[in-house]
Amino acid sequence: MVEEKMGECFSQTKDQFDNLEKHTQWGIDFVEKYTKFVKERSEIELNYARQIRNLSKKYQPKKKDEDENKYTWCRAFHSTLNELNDYAGQHEVIAENMTSQIITELTRYTQELKTERKSHFHDGRKAQQQVEASWKQLEACKRKFERECKEADRAQQYFERMDADINVTKADVEKARQQAQMRHQMASDSKNEYSSYLQKFNQEQNEHYYTIIPNVFQKLQTMEEKRIERMGDSLKTFADVDRQILPIIGKCLDEMTQSAESIDSKTDSSQVIESYKSGFEPPGDVEFEDYGLPMKRTVSETSLTNSRPDKADRSSRGKSKTIWPFIKKNKGSNPEDFSHLPPEQRRKKLQAKIDDINKDVQKEMDQRDALTKMKEVYVKNPQMGDPNSVDPRLAEIAQNIEKLQAEAQKFEGWLAEVEGRMPVKSDPARRTSTLFETQNSTPPTTNNNCAQDRESPDGSYTEEQSTEVQSKVIPEVPEFDEFDDADEDMLPTIGTCKALYPFEGSNEGTIAVAEGELLYVIEEDKGDGWTRVRRNEEEEGYVPTTYVEVFLDSNAKGAITYI
């Protein structure tokens, strides 16, 4: 059989053009379906990456939460968010590679496949039409030969009847004989034509079934095999696209693990202690007050009035006040000098504020230097610009620098104040208990908004004391009865001092001083934060110790220098 000679190939299905056409079309449809599948997978990857990025962005620390960077567990979480953002980027890479390596390639290949398939089936259909046309022509020749043979037989029989009939003339017999010979000749010609066309048709048919059709089917088979191989390559690429980014995703996960392992609870605890350290030491023991005995009051020679308690009495009264952990904090707005904070926190805030101001000053100075150089260039080269055009900006910068320096000086004064009042563990005379006592011994009231007037030992400041505290400790304003007779009791001078800051001294018992003014010291600070000074024989009073720089005479008792 012809099929057995053709072997294992698509030519065995030479009569299955319709089936092959359906099968190859189904193969192309399958490729298009797979392309659509990859496209949807790519969209899923993009949406997933977008959601991961949005999630990472949502939980990124805000500027107001910058303090979180101090703690290792917060930094580990922030690092995880960054790595998660990179992780999302790898899924975007998956989508991009699938689009470029699979979707785009398969879309282009599908169009080529459709064109090739159409060409092959066109050639096969054309070959079939040619064979069918040759077969029809062969059939026509065959029928003509058959018809001519029948006509020749009839003519021969007619001639024989005419020849046997004695009544027929010789001329009629000769005519019948010639007619029979002509029919035999025509039949012979038809036979030769049929034989020749039959031979031609057999050659065409043989070429059709053994050459043309097998070639067409072979091309279809090759096309189909390439489509299948291309499908396999695409499936492999589909997996490889994921596999290529696995090392990077693994690295992201490793970084997350390392961030988690970098968390140090001890370090974080130390940061919390450092952040909220108040600078206070626990107060001393509260002494027993025996109200059953009559209260003895002594008058110090250096006290402002007869009602001013001595140092021992101040200490005793100071310890009777509410212990500092239980004093209520001020719930109002935070003051500019950070006096609502404990000393250590206040010092940090003031130092940070001074650093920020200094940075702003440096920026202004850099701008001033740049504009000065520009002005020099304009002076040397007037064609480049007007030197006077720079003056307004220079004047503005000078004002800004002056304002910033004044503000820095203000904060430096507060910083010097809080540093002077913070306890020093190595100096027994400056223990926290002493600070606690002096804070509870109310100094002369001033209007300079000094933090000493409002500071509680826990670092909170309040304008309103509790009823209990007010009933026990009544602020005493120094009275200058003893100053009325200066000739009788004139205190000796024990040193000099220089005012570091201006002080209004509007309350009774205090004295107003100007910055840089030199005064005489007649009574040193007794631990209550006030120093008694004299301007002349008629003007003397108290000023805050932190507002002056004191220089005691070397021969004075307990002479030290307060800065």
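The values are calculated or read from the model by the stated rules, or taken from the named source; none is laboratory data. Note that the structure is predicted; figures quoted are calculated from it, not measured. Neighbour counts are summed over all protein chains in view; Cβ atoms, including those assigned to glycine, are modelled from backbone coordinates with ideal geometry. Please note that ligands, DNA and RNA were not included when accessible areas were found on the heavy atoms of the full protein model with its side chains. Shrake-Rupley method; radii C 1.70, N 1.55, O 1.52, S 1.80 Å.
Based on this model, can you work out whether I248 counts as assigned to a helix (DSSP H, G or I), aliphatic (A, V, I, L, M) and closer than 30 Å to E92 by Cβ? Against the criterion (assigned to a helix (DSSP H, G or I), aliphatic (A, V, I, L, M) and closer than 30 Å to E92 by Cβ), I248 qualifies. Evaluate the following for M186: is it hydrophobic (A, V, I, L, M, F, W, C), in a helix (DSSP H, G or I) and over 26 Å from A133 (Cβ atoms)? When the stated conditions are applied, M186 does not pass them. Residue by residue through the range 124-171, note down the ones that are open to solvent by 100 Å² or more (accessible area, probe 1.4 Å), part of a helix (DSSP H, G or I) and among the hydrophobic types (A, V, I, L, M, F, W, C). Residue satisfying the conditions is W135 alone.
Does K236 qualify as being surrounded by 14 or more Cβ atoms within 10 Å (Cβ to Cβ), part of a helix (DSSP H, G or I), at pLDDT 90 or above and of a type in the set (K, R)? When the stated conditions are applied, K236 does not pass them. Scanning the range 528-544 for residues that are surrounded by 18 or more Cβ atoms within 10 Å (Cβ to Cβ) and outside any strand (DSSP E or B) yields D528, G529. For the range 384-415, the candidate set comprises residues that are in a helix (DSSP H, G or I) and acidic (D, E); within that set, the residue that is farthest from A352 (Cα to Cα) is D391. The lone criterion from (1) surrounded by fewer than 18 Cβ atoms within 10 Å (Cβ to Cβ); (2) under 30 Å from E21 (Cβ atoms); (3) in contact (Cβ under 8 Å) with a residue 40 or more places away in the chain left unmet by I212 is number (1).
In the range 242-271, the qualifying residues are those that are more than 26 Å from the chain's Cα centre (by Cα) and open to solvent by less than 80 Å² (accessible area, probe 1.4 Å), and the one that is modelled with the highest pLDDT is S269. Among the residues of the range 172-203, those identified as open to solvent by 60 Å² or more (accessible area, probe 1.4 Å), closer than 30 Å to D123 by Cα and touching a residue at least 40 places away in the same chain (Cβ under 8 Å) are E193, K200.
Close contacts from the range 76-97, counting a first residue that is without any contact (Cβ under 8 Å) to a residue 40 or more places away in the chain and in a helix (DSSP H, G or I) and a second that is hydroxyl-bearing (S, T, Y) and open to solvent by 30 Å² or more (accessible area, probe 1.4 Å), with Cβ to Cβ under 6 Å and a gap of 6+ residues or different chains, come to L81/Y59.
Give the number of residues within the range 77-123 that are under 30 Å from Y209 (Cβ atoms) and open to solvent by 60 Å² or more (accessible area, probe 1.4 Å).
7
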